[in-house]
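Chemist: Sharing a structure with you now.
Taken together, the values in this text are just the output of simple stated rules run on the coordinates, not laboratory data. Just so it is clear, the structure is predicted and the values come from calculations on it, not from any experiment. Glycine gets a Cβ as well: all are built from the backbone with ideal geometry, and neighbour counts include every protein chain shown.
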Amino acid sequence: MPQHLRTPPRQSLLNGSRLNIQDVIPPEQQAHNIASHSIPADLECLSDSSPPPQPEKHIPSPLEIQLASIQHNTNTNFDFVNKFFLALAKSRGWVDTKHIEVLMWSLGKKHSLVVHQEQADFVSPWLLSHLEAKSRSFKKAINKDLHRFDDQLWQFVLAPRRSWLLDVQTIYAPMNLQDRHWVGLAIHLQTKLIQGYYTNFQGGDCGPVAAKFMELHVNTVSDQRLWCFTDKMVDDFRKQWAMDIYKDVVIPLYFPPPQ
């Protein structure tokens, strides 16, 4: 992993710091932006200070409800109901463990060449949950040299036929904090360095944003401006991921590619 990314770009679970747009835009440019968006003196603003009208809440039709419940038995390790994709694409909607597990699988597949070159690996969120549970028995063991982790541990490693420390130096692992917040971890096995990518996005956006941080890191994106997301950007890549996964795993079931 390149040296310039050994320290995460101001997105650290360890120190709690967050990247602000002021950190990446020069002060003179900030002043220009403020000046260029100032309201002219001769422009009168008329407002009654009332909140903007809220759009009517969409009520799904019976057909939409039926379509959302359709299940797809895919050739992957995952079976999907259409509700899965709707939840992933929903703005600020909470994503569960399966969503994050599928995102890790999808990112590993999408960036397979980079992952191989960088000796990295995306792993299931169940890995850290399993290790956390096993750590309790490890702490209680009198002779820790005799303590063994079971074979189930390797089921959570997504890359087949690859060995840690030999083929994989960095693993990207999502972690759920108290079932309320998702963070992304970059665990460097050789140096035993753990980098945490923590987001202050509220609601369910924390999971997709943590996944996006890990995606940027494995691609060695050093431009810190690309680590700043607006709400609209998060909405957009949530929808894009939902469409990409649907295209990759569901559409081929009904429209197989030509042999």
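Chemist: Rounding to the nearest 20 debye, state how big the charge dipole of segment 215-255 is about its Cα centre with +1 on each Lys and Arg Cβ and -1 on each Asp and Glu Cβ.
Modeler: Values: 5 positive and 7 negative charges, 14 e Å.
The calculation lands at about 60 debye.
Chemist: Subtract the Cα-Cα distance of residue 230 and residue 58 from 0.36 nm times their separation in residues, and report this length gain in nm to one decimal. Could the numbers behind the result be given before it?
Modeler: Values: separation 172, 0.36 × 172 = 61.92 nm, distance 2.44 nm.
Extending this stretch completely gives an extra 59.5 nm.
Chemist: If you don't mind, another one. For each of 64, 215, count neighbouring Cβ atoms within 10 Å of the residue's Cβ, then give the residues from fewest to most. Spell out each step's value before the answer.
Modeler: Numbers: 64 13, 215 21.
The fewest-first ordering by Cβ neighbours comes to 64, 215.
Chemist: Right, another one. Using 0.36 nm per residue, how much length does the chain from residue 162 to residue 132 gain when fully extended, once their Cα-Cα distance is taken away?
Modeler: On the way: separation 30, 0.36 × 30 = 10.80 nm, distance 2.29 nm.
Length gained, residue 162 through residue 132: 8.5 nm.
Chemist: Right, something else. How much length is gained on full extension from residue 109 to residue 190, taking 0.36 nm per residue of separation minus their Cα-Cα distance?
Modeler: Working: separation 81, 0.36 × 81 = 29.16 nm, distance 2.40 nm.
Extending this stretch completely gives an extra 26.8 nm.
Chemist: Next up: Listing 238, 136 from the residue with the fewest other Cβ atoms within 10 Å to the one with the most, what is the order?
Modeler: Details: 238 26, 136 8.
Ordered from fewest to most neighbouring Cβ atoms within 10 Å, 238, 136 come out as 136, 238.
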